[in-house]
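*Asks:* Shown below is the structure under consideration.
The values are calculated or read from the model by the stated rules, or taken from the named source; none is laboratory data. Just so it is clear, the structure is predicted and the values come from calculations on it, not from any experiment. Heads up, the Cβs are rebuilt from the backbone with ideal geometry, glycines too, and the neighbour counts pull from every protein chain shown.
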Amino acid sequence: MPSSLSAEQQSDLLRRGFSRRTFGRIATILTAGATLPFYNEHALAQMSKLPSLPADAVKINANENPLGPCAEAVDAVCSAAKQGGRYMWEATDMLAQSLAETLDVKFSRRSEESYLEIFPGSSAPLHQAVLAFCLKDRPFVKADPGYEAGEMAAKYAGAKVINVPLKSGTYDHDVKAMLAAAPDAGLFYVCNPNNPTGTVTSRSDIEYLVANKPQGSVVMIDEAYIHFSESAVPCTDMASSGKDVVILRTFSKLYGMAGLRAGAAIARPDLLQKVTQWSAGAMPITAMYAANASLKVKSLVTERRKYMTGIREDTFRWLAAKNVEFIPSETNCFMINVKRPGRDFAKDMAAQNVLIGRSWPVWPNWIRVSVGTKDEMLKFREAFAKSYSA
Ligand SMILES: Cc1ncc(COP(=O)(O)O)c(C=O)c1O
């Protein structure tokens, strides 16, 4: 058995329902150090170590939704808070059932039959899927530039990370290059639309990846930003039809609930059980009720998409008129070529109380900007015009 766990640790794990097959991975994680570091947008944004800003600063750095939760969700939070002394697993089941109906997948309280599991956001299932499917000899494959959280989990678990450049010009995932790069992959990660570029990978390319991936590997499709996009095609039905996929959904983006915490993983029951084996604890009931209330507002996705798209496209027109290079995005974030180190540019913007996103090592002169309110984007324009020189 590939494990450095003591006999005592092994019998304890067996008692707690872990299979012997997981011992190697658990040993790696225990050897690697203390607690598993969890990264999300906020943690990654903090890593850029910008000075602290006044309360009225424009925060367009972490792909949050400036509108916050909808009014119905806020009401639901207030009523739910009174019951906050209870664990209330039934609130989680209620949300799971509503989301399953919205996505047309099967939810069951019996985990061996369920295709959907609720989490406090999508960071946890993202990390847990990496731990479940990547090993020392089963790499994690992702696009570059792409969302880095899974990469950090893979490194922590001792799995190799393979970064495959986005296609030039269209900036969608190069699925053929991803396949060629890793015939022994544990997990292929496709963020659709992609963070940070906001670009969409076609359904046919994702199907190609799933159909041609090596046996035993899994494709994880992160649909955190899918509600903002007109053209991205959801892949939740691929889970229902039994494919080797894990789909991630979150209420942090369009639904404006990043601080309330609700999300989900959708997958075939056997794959989902591998992801949930690392889960612990109850869900925040305020978030369960808020997410459920948000799903009931049928016009919300369309209205919020329209609102955000209008502001983003206005900003693009302004940038284009100034001959600033940017990548047309379908989400609430986009990349701009600032023609000098992005980190320095972001510091200049922060000095004017406008906090923008980070740069990616592969594109050091590009920075990511999240879409704020109309007023916030006017302040962004003012600060940008002072910081940018052609
Ligand atoms: C692509 C992507 N996936 C997942 C997450 C995790 O977000 P949360 O845990 O709030 O759902 C983020 C956060 O920004 C993200 O950009």
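*Asks:* Return the residue satisfying two criteria in turn: it lies in segment 273-288 and is under 15 Å from G85 (Cα atoms), out of contact with any Pro (no Cβ under 8 Å at 6 or more places or on another chain) and touching a residue at least 40 places away in the same chain (Cβ under 8 Å), and of such residues it is surrounded by the most Cβ atoms within 10 Å (Cβ to Cβ). Working first, answer last.
*Replies:* Taking segment 273-288 and keeping what is under 15 Å from G85 (Cα atoms), we get 281-288.
Okay, now just the ones that are also out of contact with any Pro (no Cβ under 8 Å at 6 or more places or on another chain), so 281-282, 285-286, 288.
Next, from what is left, pick out any that are touching a residue at least 40 places away in the same chain (Cβ under 8 Å): 282, 285-286, 288.
Values: A282: 13, I285: 23, T286: 23, M288: 28.
Selected residue: M288.
Conditions (1) out of contact with any helix residue (DSSP H, G or I) (no Cβ under 8 Å at 6 or more places or on another chain); (2) outside any helix (DSSP H, G or I), marked per residue:
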residue	(1), (2)
K298	yes, yes
R312	yes, no
F316	yes, no
Q352	no, yes
F384	no, no
S389	yes, yes
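*Asks:* For T302, state whether it is more than 25 Å from S168 (Cβ to Cβ) and surrounded by fewer than 17 Cβ atoms within 10 Å (Cβ to Cβ). Give the steps one after another, and end with the answer.
*Replies:* On the way: more than 25 Å from S168 (Cβ to Cβ): yes; surrounded by fewer than 17 Cβ atoms within 10 Å (Cβ to Cβ): yes.
Against the criterion (more than 25 Å from S168 (Cβ to Cβ) and surrounded by fewer than 17 Cβ atoms within 10 Å (Cβ to Cβ)), T302 qualifies.
*Asks:* Six or more apart or on different chains, Cβ under 6 Å: which pairs go from a residue in segment 216-230 that's surrounded by fewer than 23 Cβ atoms within 10 Å (Cβ to Cβ) to one that's part of a strand (DSSP E or B)? Could you list them?
*Replies:* From segment 216-230, no pairs qualify.
*Asks:* OK, next. Restricting the search to segment 207-234, which residues are part of a helix (DSSP H, G or I) and within 15 Å of the ligand (Cβ to nearest atom)? So that I can check it myself, show each step before the final result.
*Replies:* Start the filter on segment 207-234 by keeping residues that are part of a helix (DSSP H, G or I), which leaves 207-212, 226-228.
Matches in segment 207-234: I226, H227, F228.
*Asks:* Quick check: anything in segment 88-107 modelled with pLDDT under 95, touching a helix residue (DSSP H, G or I) at 6+ places or on another chain (Cβ under 8 Å) and surrounded by 12 or more Cβ atoms within 10 Å (Cβ to Cβ)?
*Replies:* yes
*Asks:* In segment 345-390, what count of residues is obtained for those that are closer than 26 Å to A149 by Cα and not hydroxyl-bearing (S, T, Y)?
*Replies:* Of all residues in segment 345-390, those closer than 26 Å to A149 by Cα come to 345-347, 349-350, 354-372.
Now restrict to residues that are not hydroxyl-bearing (S, T, Y): 345-347, 349-350, 354-358, 360-369, 371-372.
Residues in segment 345-390 being closer than 26 Å to A149 by Cα and not hydroxyl-bearing (S, T, Y): 22 in total.
*Asks:* A further question on this structure: Just checking, which of V175, V190 is under 15 Å from the mean Cα position of the chain (by Cα) and in contact (Cβ under 8 Å) with a residue 12 or more places away in the chain? First the steps, then the outcome.
*Replies:* Details: V175 fails: under 15 Å from the mean Cα position of the chain (by Cα).
One residue alone meets the criteria, V190.
*Asks:* Examine segment 316-335 for a residue that is of a type outside the set (F, W, Y), over 25 Å from E230 (Cα atoms) and surrounded by 18 or more Cβ atoms within 10 Å (Cβ to Cβ), and state whether such a residue exists. First the steps, then the outcome.
*Replies:* Looking only at segment 316-335, we keep the residues that are of a type outside the set (F, W, Y), and these are 317, 319-325, 327-333, 335.
This time we only want the ones that are over 25 Å from E230 (Cα atoms), so: 322-323.
Going one step further and asking which of them are surrounded by 18 or more Cβ atoms within 10 Å (Cβ to Cβ), we end up with none.
Scanning segment 316-335, I find no residue that is of a type outside the set (F, W, Y), over 25 Å from E230 (Cα atoms) and surrounded by 18 or more Cβ atoms within 10 Å (Cβ to Cβ), so the answer is no.
*Asks:* Just need a number here: residues in segment 318-338 that are over 17 Å from G198 (Cα atoms) and either in a helix (DSSP H, G or I) or within 23 Å of the chain's Cα centre (by Cα) (or both). Can you show your working first?
*Replies:* At the first step, the residues of segment 318-338 found to be over 17 Å from G198 (Cα atoms) are 318, 320-324, 338.
Subset that is either in a helix (DSSP H, G or I) or within 23 Å of the chain's Cα centre (by Cα) (or both): 318, 320-321.
Of the residues in segment 318-338, 3 are over 17 Å from G198 (Cα atoms) and either in a helix (DSSP H, G or I) or within 23 Å of the chain's Cα centre (by Cα) (or both).
*Asks:* Could you tell me which of the residues S252, S294, S279 is within 16 Å of the ligand (Cβ to nearest atom), part of a helix (DSSP H, G or I) and out of contact with any strand residue (DSSP E or B) (no Cβ under 6 Å at 6 or more places or on another chain)? It would help to see each step written out before you state the result.
*Replies:* Values: S252 fails: part of a helix (DSSP H, G or I); S279 fails: part of a helix (DSSP H, G or I).
After applying the criteria, what remains is S294.
*Asks:* Working only within segment 291-303, note down all residues that are touching a residue at least 12 places away in the same chain (Cβ under 8 Å), out of contact with any Cys (no Cβ under 8 Å at 6 or more places or on another chain) and closer than 26 Å to G198 by Cβ. Give the derivation first.
*Replies:* At the first step, the residues of segment 291-303 found to be touching a residue at least 12 places away in the same chain (Cβ under 8 Å) are 291-297, 300-301.
Retained after the next criterion (residues that are out of contact with any Cys (no Cβ under 8 Å at 6 or more places or on another chain)): 291-292, 295-296, 301.
Passing the criteria: A291, L295, V301.
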